[in-house]
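Peer 1: Sharing a structure below in structure tokens format, with a few things to ask.
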Amino acid sequence: MTSENTLLERVRKLLAKAEAAGVTGPEAEALTAKAAELMARYGIDRALLAAARPETDQPANRVITVQNPWARVQAHLLCGLASAMRCQCIILPSSTPGTRIHMFGYESDIERADVLYTSVLVQMWQGLAGAAVPAWTSSPRAWRRSWLLGFTTAVVARVRAAEQHAAAEASVPQAGAGTGAALVLADRKQVISRAVQQAYPVTRTAKVTYSGSGYSSGYAKGQQADLGGSRLPGAAGKAIGGGR
């Protein structure tokens, strides 16, 4: 997997440059956008490799417990990133504080969701800590919650766009190419959907709403977030974990 390691090393270098002192906003945005593009390409490469060598990337699942504060918002972020990266999440009933999430996906996609969630979550808390709650707001808590949801929406939209672009580029017919990327991704989606259906025959869609006025401020901050994070596959430390 030398080519994949080279790709990830490029991501590390881009992110190091984006996080360096003295880098301007536009420069950091361009660097992190490229990092997100490479991470999406990594996902496609792993999927195509597994089409030829299934043992390299198998369907998997894990149960994650997200702790308070703002557990449902964190769950919204995790599930949004997971969905953009071709995973599926089920939010489970819980009798204890926090939120339990059962994530289904191929190992490489769960890994990628872990990487981005780890990085973006830290950035989200840092951004919220630096956000000034307007003096005129009647509910600082509602303002902060809407800020968090705005941030989450922006980040997930950016990741989804990068993933869709990488998939579209990989699906362009090429002479001598093997199984098309579009077919591979469709097959993987069906495998994961069947796994979810087997485990949870009856589900319902959950929607997250907000009442505060900090959404647009959070959304703007989310558009500036570093989408690669400083921890990549193989690096120490994980933000999500556990097993069923």
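Peer 1: Provide a single number: the residues in segment 97-119 that are hydrophobic (A, V, I, L, M, F, W, C) and farther than 19 Å from Arg41 by Cα.
Peer 2: Residues that pass the stated criteria total 3.
Peer 1: Of the residues in segment 159-173, how many are surrounded by fewer than 20 Cβ atoms within 10 Å (Cβ to Cβ) and closer than 21 Å to Gly80 by Cβ? Show your work before the answer.
Peer 2: Filtering segment 159-173 down to residues surrounded by fewer than 20 Cβ atoms within 10 Å (Cβ to Cβ) leaves 160-161, 164-165, 167-169, 171-173.
So of that shortlist, the ones also closer than 21 Å to Gly80 by Cβ come out as 160-161, 164-165, 167-168.
Number of matching residues: 6.
Peer 1: Can I ask one more? Can you find even one residue in segment 110-123 that is surrounded by fewer than 15 Cβ atoms within 10 Å (Cβ to Cβ), of a type in the set (A, V, I, L, M), within 22 Å of the chain's Cα centre (by Cα) and not in a strand (DSSP E or B)?
Peer 2: Among the residues of segment 110-123, not one is surrounded by fewer than 15 Cβ atoms within 10 Å (Cβ to Cβ), of a type in the set (A, V, I, L, M), within 22 Å of the chain's Cα centre (by Cα) and not in a strand (DSSP E or B), which makes the answer no.
Peer 1: Could you please give the count of residues in segment 65-91 that are closer than 11 Å to Met103 by Cα and basic (Lys, Arg)?
Peer 2: 1
Peer 1: Six or more apart or on different chains, Cβ atoms under 6 Å: show the pairs whose first residue is in segment 68-84 and under 22 Å from Ser108 (Cβ atoms) and whose second is crowded, with 24+ Cβ neighbours inside 10 Å and of a type in the set (Ser, Thr, Tyr).
Peer 2: The qualifying pairs are Leu77/Thr152; Leu78/Tyr117; Leu81/Tyr117.
Peer 1: Here is a follow-up. With respect to the numbered conditions (1) assigned to a helix (DSSP H, G or I); (2) touching a residue at least 12 places away in the same chain (Cβ under 8 Å); (3) open to solvent by 20 Å² or more (accessible area, probe 1.4 Å), which one is the sole condition not fulfilled by Ala129?
Peer 2: Tallying (1) assigned to a helix (DSSP H, G or I); (2) touching a residue at least 12 places away in the same chain (Cβ under 8 Å); (3) open to solvent by 20 Å² or more (accessible area, probe 1.4 Å), Ala129 fails exactly one: (2).
The values are calculated or read from the model by the stated rules, or taken from the named source; none is laboratory data. Keep in mind the model is a prediction, meaning the values are calculated, not measured. Every residue, glycine as well, gets a Cβ built from its backbone with ideal geometry; the counts of neighbours run over all protein chains shown. Surface accessibility is based on the protein's heavy atoms, side chains included, excluding ligands, DNA and RNA. Shrake-Rupley method; radii C 1.70, N 1.55, O 1.52, S 1.80 Å.
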